[in-house]
Amino acid sequence: MPNEGRSKLDSADLNRVLRISGKVRSVFEKYEQKEGLNEAGGILLGNVAEDYVEIMDVTVPNRFDLGNFFSFVRARIPAQLRINKAWKKSSGSKIYLGEWHTHHEVKPSPSLDDRQMIAKAFKETKMEIDFLYLIIVGLNGTYWVGKQTGNGLIKVDNFEIS
Ligand SMILES: [Zn+2]
């Protein structure tokens, strides 16, 4: 991944915009948690540039994941295999950027479990970045986007969806 002489790509740069590709947006739309559907989710994959982070790909629920109306627990091993594959295929430019899941809410916000999950993922991740994103997909095209760093989870408003 790009590295301009820094040991880590720092998240202090708040001007780095989060971009969500059109392909990813259509996946989010497809899995929107309408009445009677279970929560869905997966991982975020993409690249980090000097002035933006782009989510290019996401994984979708597989048969190892556990989804019900109130929660989504992602199975660890299939996701890790997908991360490794994406990394290899992109020569190291497509990396793990965080987690996403749906909520049956018009104004989605993270639950306590969500906060603990992303904090844990951040602690355990062994990537060159010092942040992870959490995207919660609400109803009717609504989103809650947060960035987890060593200082906690903060809501992100500067994101672009194509
Ligand atoms: Zn949640």
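Just so it is clear, none of the values below were taken in a lab; they were calculated from the coordinates. Please read all numbers here as calculations on a predicted model, not as lab measurements. As a convention, Cβ positions derive from the backbone with ideal geometry for all residues, glycine included, and neighbour counts pool all protein chains shown.
Figures for the structure shown
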| read-out | value |
| --- | --- |
| Tensor-based shape of region 35-90 (alpha-carbon gyration tensor, a/c under 1.5 rounded, otherwise prolate or oblate) | oblate |
| Local net charge near PHE64, Cβ-Cβ under 12 Å (Lys/Arg +1, Asp/Glu -1) | +3 |
| Over the chain: helical MRE at 222 nm, DSSP H runs n ≥ 4 each giving -39500 (n - 2.57), nearest 500 | -7000 deg cm²/dmol |
| Volume in Å³ per residue [convex hull over Cα atoms, computed for the chain] | 107 |
| Of VAL60, ASN47, LEU18, farthest towards positive along the dipole that unit charges on Lys, Arg, Asp, Glu beta carbons give the chain | VAL60 |
| Cross-link pairs LYS34/LYS94; LYS30/LYS107; LYS88/LYS155; LYS88/LYS120 - those with Cα-Cα distance over 23 Å | LYS34/LYS94; LYS88/LYS155; LYS88/LYS120 |
| Kirkwood hydrodynamic radius of region 55-125, Cα pairs, Å | 13.6 |
| Charge sum, other residues only, whose C-beta stays under 14 Å from ILE83's C-beta, Lys/Arg counted +1 and Asp/Glu -1 | +4 |
| Karplus-derived 3J(HN,Hα), 6.51/-1.76/1.60, for each residue of region 44-61, Hz, glycine and proline x | 9, 10, x, 10, 10, 10, 4, 10, 8, 10, 10, 8, 9, 8, 9, 8, 10, x |
| Size of charge dipole - the chain - debye, nearest 20, with Cβ of Lys, Arg +1 and Asp, Glu -1, no other charges | 560 |
| Under-5 Å amide H pairs with MET56, H placed in peptide plane, nonlocal only | LEU45, GLY46, ASN47 |
